[in-house]
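Encoded as structure tokens, the structure appears first; notes follow it.
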Amino acid sequence: MDTNVLAHTVRALLPSPNWYTAYNTACNDQYFVYATQHLLVVLERSSFDFVRTIEAAQNKIEAISVVDRYCVVGGQDPFLRVINLLDGSLLNSLPGHKVCVKAVKLLAKEMMVVSGDKAGLIVVQQAFGKKRAEQTLIKSEVMAMDVIEYQGLDYIAIGYQNGIILVGTLDSNLRFTELGQFSQPNDSVNDIAWKPIGPDEKPMLAVSGKRNKSVLVWSMATQDVATTIRLPNPPAHVDTSKSKLWVALLWTKSTKNGDILVISSHMGHVCSFIVANDRVREIKSKTNIYAHSRPVFSFCKLDRVDDQDIFVTTSLDKQMILWKGSEPIMAIKTHNGYIHSIAISPLHPLEAAIGLGEGNIKIWKQLHLDTDRLRQKLNTKNKRKAKKNAQTFNPYASIVLWRGLQGQICKLAWHPTSEEQLAFSTEYGHVGIYDINNNKTVLFQMHHSLYPDTSASLAWLGPSLSATLEKWQALEQHADDLAPTSSGNGSPAATDMTTMPHGDQLDNSTLQHPWSGDLLASCGGRQGILIRSLARPRQTPIDGIQLLNKINSEWARQRASKTTEPTCIASNGHCLALGYSDGSVEAYRLTDLTICYASICQRKPITCMDWKDFENGTYLLATGSKDGSIAIHQVTASQQKDQDLPAETTTPFCSLLGHNNKVSDVKWSYHKDKWLVASSGLDGLVLVWDVTPEPQLLACFPKHRFHALCVHWHCLEHDVLLSGGEDKCVYLWHWQGHTVDSMADLEFIRNTNNQERHRLKRQKKQSSQQHGMQNDQEDLPRPTKKQKKEASLPAVLPTTRSLVRKLSPISYDIPTLQQLCYLTACRLTGEQDTTASIDQLLQAVEVDDPILEYSRLPALDAPLAIPDHALLIMGDKSDVRQLLGLEVEQLQSMEKQENSHRWQHHANEDRKLALEMIQSHFQDLGSHASENGMALLDWVALALSPSAGKQVWLAMMEEQAIKLKANNQHHLAVSCFLACSKVYEAIKVYQEAGLIMEAIIVAKLRLANDVQLFSQLLSEWATSLQGQGHEELASLCYIQAQLPGWQKQAANLMGRRHTESGYFWAACVADEPETWRQDWLASVAQRQKE
């Protein structure tokens, strides 16, 4: 294949066609098309090579019909859509149906569209004109439809759920003219098919039902049933109780012995019958006739070769099988799940493991982009064998691993040296090994308790770590310390491990420990990092965070003020990288697990990581974030004696900004002379970047119709990638066929890629306004006025609104707030002479007008007037009460607005009640009585409970608070907890809801000086603030929290903006060690030179 053609070639592993419809496939002279959910998949008719996917609907597609390059799509959407198969564009939308369309036919003559829906409505309209007619011939659901041309007219057959079949033609006014009618006795019509006719023949129609085990052949000439075909009985070993009977029909071309009718029977049995007048004879297959294991839904005839028809079947077993006559010649195993992960082992570079969202793993066997070359390799001197090889070559060949797997397979990782061991993690947090050789699953002890929209990442650890763990266990006196903690962050232990020798100095004869051999690390959820032994899967894993804290005790002490958790992990055999929920990144040497790199250049949670060898013993680490940014870090793993702890860098090696949504995966290429990295994102794009010498966007792959979830480079063909996503397709493509020249090209691709999708959404919105978007169920009676009045609020309200106003974009004077951070630190540490300290620092830099301006300090006890309500929360009780008074005034002004939504009104009432309970304003509680009817019986019982005694009232109040919390009514839950003096429980409600400011307010007004709780809340709020870009406010939180390492965290955040004033005040706050201060002052000097 030509190089340029190969670069633009795209192959795909295909999703399953839609089930329980006989009209999910169609073809023309060039393409074979099938529907999967709301997408169309287009393949080459002759070679079955992938062409494209087209987003054709907003909901499930039930029927398609193709004529020439046009495809008409009908289904659960209220529109029929006309799609251009050549470029995937939407040509026209045809209204008319209010319920699901079950059958549609596109007539070549005048491009007429005939469609029928669940209500029995038949609509006939021009695909590109204004002529249109609709009528309900029989008030029953349309189940099947077929068209044949006879004597210059289009004969249309329509089958209904009540068993009636109508045959007729269309008049000049597009009205249906009935020519005949007969019924399927005591059964619903399942499928109908016209027999191809010769010049002197009259049409014959085959009809199948849903329950009767026979097929009727109806003759137009006699207006009666010509013959009946009985379905063959299934063999005794076939269990027909597993699924329903579905009988699909296909007529093939006539033979000298009669006409051939292909029928799907029990459990995927495809059988063929020769029909000649009133005689029927079954054609016996030479091979296994049970190629499918579940019911077959549809047939699609493609071609005729050697007097035998080539056709395709689709089935519930997720296979599409290509048949030649009565013999299957190629099976394509499709899938129904999202593509969550792709992994390729260097030991098997032409096979890819794919983690699916339907609880199994698929191994794609043919990772070749040039399929023509593969077909040529199959050619031999033996012409018969060469012909057979060409017919049986299957570019979609794959195997499915399912034994012992449950839930979505989120992450995969091949063992680095074993070709049969594949590690996986699931949506439930389970981690295990799939033994491909023995086809079995081994699950590890203890699973991760995952947070929503997260998964457990995996990393195989190098052999050097085994010796490290051996020495560590030898030094441990209590084996119980290895048990994982409930917190992912862990806490520094009292044991000092800093004197532990390096990996090359370890004595391997210390003891025989159970962690020798292959080790697998998993990261995610509340358990943090768990290190497991492949040889002992049922052994309790090691808590990786606790282990790292023990070995790096000083580093753990400095970062103890952070309330952050590890989110992902990656290893290259030399270093172990960790990404955290606050965007920070750490790297540890695997030889001794000492820290060698730290970065805080990203603000949102790290979602993915990957390593790449760089040069001179250094490595490049790519990290993707939830905000769409990608940072490239340069990490040096060489060990230096008496090395200080690494400074947390705020500037990466380079940054890659191209995604506008979460980065789902990053992978380095296998090039030796290039540093290319690919990234996939929830914006549906896969990007390819060149990192050196300057960051540059090289390519953009836009064919994913929804979120792109994973990407991987080909091990042998270094410019070829695989990517998968929520469109359920795995694409194999060459990046040089999708190059872009600038970021403007990327935006153009993004807009073009979303244009048709937005057009579909607008049509759906317009339809919902016109028709109320009736679904497949029967219309429910509308409630009367009395019912509306007594209706209660929904069980789960929208997301709880904050009591205080959301922090606005930074509008305050940043240097002034930086001064406040320094002065607050001086007050808390007892520093009195602030001027002398500033003058001492000014001697280390070049003093100019700007530095004199922002370094001028007010008196230590002089208040700074900064108009930001966030600072009131950090004040004393009077400041907090002032803030709450402002919020009450705001709510009162909102009540005066006339146009307020009903649930919004009750949300404001909940907030007002909570504000008054927090301030202990009990005199106005009676004004909150309302007639919303929400849990009325509970409130009545609660009101009557004091008559049973105080203890009963307290118990019922607490029970009501728990119910409200479960329904996401957090303010009401807090009000109830405060009413029964459960202050800590009220604070916990706000903490778990992410309302940290509210938790701080309650703690300050309702508790004594609980230093530990205040510090914890301030640390959590700091993590939230720095993710929103409020670095100075986050620094102030760390300073006030006074947890170990607060100076380092505050200084790092103040210098994160890379401004001269930020560096200067970071040096002021970073009091110790002296090297930190010198580093910040050096940054000030560098900024002055720029």
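The values are calculated or read from the model by the stated rules, or taken from the named source; none is laboratory data. Remember, it's a predicted structure, so these values are computed and weren't measured experimentally. Neighbour counts are summed over all protein chains in view; Cβ atoms, including those assigned to glycine, are modelled from backbone coordinates with ideal geometry. Surface areas here come from the heavy atoms of the whole protein model, side chains and all, with no ligands, DNA or RNA. Shrake-Rupley method; radii C 1.70, N 1.55, O 1.52, S 1.80 Å.
How many residues, within region 1018-1043, are under 16 Å from CYS826 (Cα atoms) and either not assigned by the TED database to the domain that holds GLU992 or not in a helix (DSSP H, G or I) (or both)?
Final tally of qualifying residues: 2.
Taking region 64-105 as the region of interest, how many residues are closer than 21 Å to VAL189 by Cβ and either open to solvent by less than 10 Å² (accessible area, probe 1.4 Å) or of a type in the set (Gly, Ala, Ser) (or both)?
Residues that pass the stated criteria total 9.
How many of the residues making up region 51-63 are crowded, with 24+ Cβ neighbours inside 10 Å, part of a strand (DSSP E or B) and of a type outside the set (Val, Ile, Thr)?
The qualifying residues number 2.
Go through region 1008-1043 and report how many residues are open to solvent by 30 Å² or more (accessible area, probe 1.4 Å) and at positive phi.
Of the residues in that region, 1 qualify.
Going by what's in this entry, would VAL114 be described as closer than 23 Å to SER16 by Cβ and either part of a loop (DSSP other than H, G, I, E, B) or β-branched (Val, Ile, Thr) (or both)?
It is false that VAL114 is closer than 23 Å to SER16 by Cβ and either part of a loop (DSSP other than H, G, I, E, B) or β-branched (Val, Ile, Thr) (or both).
Hey, any hits in region 1048-1065 for a residue that's open to solvent by 30 Å² or more (accessible area, probe 1.4 Å), within 24 Å of VAL847 (Cα to Cα) and either touching a strand residue (DSSP E or B) at 6+ places or on another chain (Cβ under 8 Å) or outside any helix (DSSP H, G or I) (or both)?
yes
Suppose we filter region 681-711 for residues that are open to solvent by 50 Å² or more (accessible area, probe 1.4 Å) and either of a type outside the set (Lys, Arg) or modelled with pLDDT of 95 or more (or both); how many remain?
Matching residues across region 681-711 total 5.
Among HIS758, HIS718, HIS714, which is at pLDDT below 95 and within 22 Å of VAL51 (Cβ to Cβ)?
HIS714
Among all residue pairs at least 6 apart or on different chains, which show Cβ distances below 9 Å where the first residue, located in region 221-236, is under 16 Å from ARG279 (Cα atoms) and the second is surrounded by fewer than 14 Cβ atoms within 10 Å (Cβ to Cβ) and polar (S, T, N, Q)?
ALA226/ASN277; THR227/ASN277
Which residue out of ALA56, ALA35, ALA12, ALA7 is touching a strand residue (DSSP E or B) at 6+ places or on another chain (Cβ under 9 Å) and more than 30 Å from GLU351 (Cβ to Cβ)?
Of ALA56, ALA35, ALA12, ALA7, the one residue that is touching a strand residue (DSSP E or B) at 6+ places or on another chain (Cβ under 9 Å) and more than 30 Å from GLU351 (Cβ to Cβ) is ALA56.
How many residues are assigned to a loop (DSSP other than H, G, I, E, B), touching a Lys or Arg at 6+ places or on another chain (Cβ under 7 Å) and buried (at least 21 other Cβ atoms within 10 Å of the Cβ) if we restrict to region 3-37?
Summing the residues that are assigned to a loop (DSSP other than H, G, I, E, B), touching a Lys or Arg at 6+ places or on another chain (Cβ under 7 Å) and buried (at least 21 other Cβ atoms within 10 Å of the Cβ) in region 3-37 gives 2.
Could you identify the single residue in ALA637, ALA622, ALA678, ALA598 that is small (Gly, Ala, Ser), under 26 Å from ARG1087 (Cβ atoms) and in contact with a strand residue (DSSP E or B) (Cβ under 8 Å, 6 or more places away or on another chain)?
ALA598
Scan region 564-604 residue by residue and report those that are among the β-branched types (Val, Ile, Thr) and either in the same structural domain as MET1054 (by the TED database) or assigned to a loop (DSSP other than H, G, I, E, B) (or both).
If the condition is that a residue be among the β-branched types (Val, Ile, Thr) and either in the same structural domain as MET1054 (by the TED database) or assigned to a loop (DSSP other than H, G, I, E, B) (or both), then THR564, THR591, THR594, ILE600 are the ones that fit.
A quick yes/no check of all residues on (1) closer than 23 Å to LEU732 by Cα; (2) among the polar types (S, T, N, Q):
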site: ALA12; (1), (2): yes, no
site: TYR20; (1), (2): no, no
site: ASN24; (1), (2): no, yes
site: CYS27; (1), (2): no, no
site: ASP49; (1), (2): yes, no
site: VAL72; (1), (2): no, no
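Go through (1) crowded, with 18+ Cβ neighbours inside 10 Å; (2) in contact (Cβ under 8 Å) with a residue 60 or more places away in the chain and name the single condition LEU1005 misses.
(1)
Output yes when any residue across region 969-982 is farther than 30 Å from GLU853 by Cα, open to solvent by less than 20 Å² (accessible area, probe 1.4 Å) and not in a helix (DSSP H, G or I), and no when none is.
Yes; the residues of region 969-982 include at least one that is farther than 30 Å from GLU853 by Cα, open to solvent by less than 20 Å² (accessible area, probe 1.4 Å) and not in a helix (DSSP H, G or I).
How about region 606-620: which of its residues are surrounded by fewer than 23 Cβ atoms within 10 Å (Cβ to Cβ), touching a residue at least 24 places away in the same chain (Cβ under 8 Å) and not acidic (Asp, Glu)?
Those that are surrounded by fewer than 23 Cβ atoms within 10 Å (Cβ to Cβ), touching a residue at least 24 places away in the same chain (Cβ under 8 Å) and not acidic (Asp, Glu): TRP611, LYS612, PHE614, TYR619, LEU620.
Go through region 528-563 and give me each residue that's open to solvent by less than 40 Å² (accessible area, probe 1.4 Å), in a helix (DSSP H, G or I) and of a type outside the set (Lys, Arg).
Hits for region 528-563 are GLY544, ILE545, GLN546, LEU547, LEU548, ASN549, ILE551, SER553, TRP555, ALA556, GLN558.
Filter region 196-208 for residues that are under 26 Å from THR21 (Cα atoms) and out of contact with any Pro (no Cβ under 7 Å at 6 or more places or on another chain); which is surrounded by the fewest Cβ atoms within 10 Å (Cβ to Cβ)?
PRO196
Checking the conditions here, which among ILE148, ILE122 is β-branched (Val, Ile, Thr), modelled with pLDDT of 90 or more and within 23 Å of ILE274 (Cα to Cα)?
Selected residue: ILE148, the only one of ILE148, ILE122 that is β-branched (Val, Ile, Thr), modelled with pLDDT of 90 or more and within 23 Å of ILE274 (Cα to Cα).
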